[in-house]
Amino acid sequence: MNIPDFDIEPVVGPRFWMVVLGVVSAVAGVLAVIGWPLPVISSRHGGSGQHAWARTVRGVQDWFAHDGWRMSGASWIYGALAVAALAGIVVLLHPDWSGARTLSVVAGPAGALLVIGPAAQWALGLPWSNYGAGSTGGMALGVVVGLGGATVLARFRRAVRRSVRPDDDVNPPPRGVR
């Protein structure tokens, strides 16, 4: 026996992540098409976690009780997740792409769905869903503010990393090390 006999593929590699992203994309796509309600997340302002769980259960019960096509603003969020997962597969297929390009491929279409969809739904005066109670304005505002905050945070992190990175001109590496 020699060393090449022991060479094996890593257990978790790009192919594994492509399968995971494919499953996430498929599930999120189905949830987007059927208008499945979003789970309610507890917060300091919304009360206890039990209240959030009760609201989530009520949304699912309303979804099951509705007779006819179920339309929900949550479809924009699930759709953005599905698109981001598909874009993640494309990024994994192109490992030579730069960080800025991968970010634009993933965040561009998903961000457009997250912002334009709920904002258009709110502008048209449509309710958040046709099977439950709730206003589109609050949800659209929450999605837009959350996405805007994430964008600002990402840009801030990038700026901090650039300022901390050592400058090659100031501290050149020793000869022959580049």
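The values are calculated or read from the model by the stated rules, or taken from the named source; none is laboratory data. Here the structure is a predicted model, which is why all the values come from computation and not from measurement. Please note: Cβ atoms are built from the backbone with ideal geometry, for glycine as well, and neighbour counts cover all protein chains shown. Areas reflect the complete protein model, heavy atoms only, side chains present, ligands, DNA and RNA absent. Shrake-Rupley method; radii C 1.70, N 1.55, O 1.52, S 1.80 Å.
What tally of residues in the stretch 91-110 results from selecting those that are out of contact with any helix residue (DSSP H, G or I) (no Cβ under 6 Å at 6 or more places or on another chain) and open to solvent by less than 60 Å² (accessible area, probe 1.4 Å)?
4
Out of TRP76, TRP122, TRP63, report the one residue that is assigned to a helix (DSSP H, G or I) and in contact with a strand residue (DSSP E or B) (Cβ under 9 Å, 6 or more places away or on another chain).
The match here is TRP63.
Mind checking which residues of the stretch 65-91 are more than 22 Å from PRO118 (Cα to Cα) and either of a type in the set (Asp, Glu) or at pLDDT 90 or above (or both)?
ASP67, GLY88, ILE89, VAL90, VAL91
Across the stretch 15-55, what is the total count of residues that are at pLDDT below 80 and either among the aromatic types (Phe, Trp, Tyr) or open to solvent by 80 Å² or more (accessible area, probe 1.4 Å) (or both)?
4
Every residue, every condition in (1) open to solvent by 70 Å² or more (accessible area, probe 1.4 Å); (2) modelled with pLDDT under 80; (3) within 15 Å of ALA74 (Cβ to Cβ), yes or no:
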position	(1), (2), (3)
LEU113	no, no, yes
TRP128	no, no, yes
ALA133	yes, yes, yes
ALA154	no, yes, no
ASN171	yes, yes, no
GLY176	yes, yes, no
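Scan TRP53, TRP36 and give me the residue that is of a type outside the set (D, E, K, R) and either closer than 15 Å to ASN130 by Cβ or in a loop (DSSP other than H, G, I, E, B) (or both).
Going through TRP53, TRP36 in turn, the sole match is TRP36.
Listed here are the residues, each with its yes/no results for (1) of a type in the set (Lys, Arg); (2) touching a Leu at 6+ places or on another chain (Cβ under 8 Å).
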residue	(1), (2)
VAL57	no, no
ASP62	no, no
ARG70	yes, no
ALA74	no, yes
TYR78	no, yes
ALA84	no, no
VAL90	no, no
ARG101	yes, no
ALA107	no, no
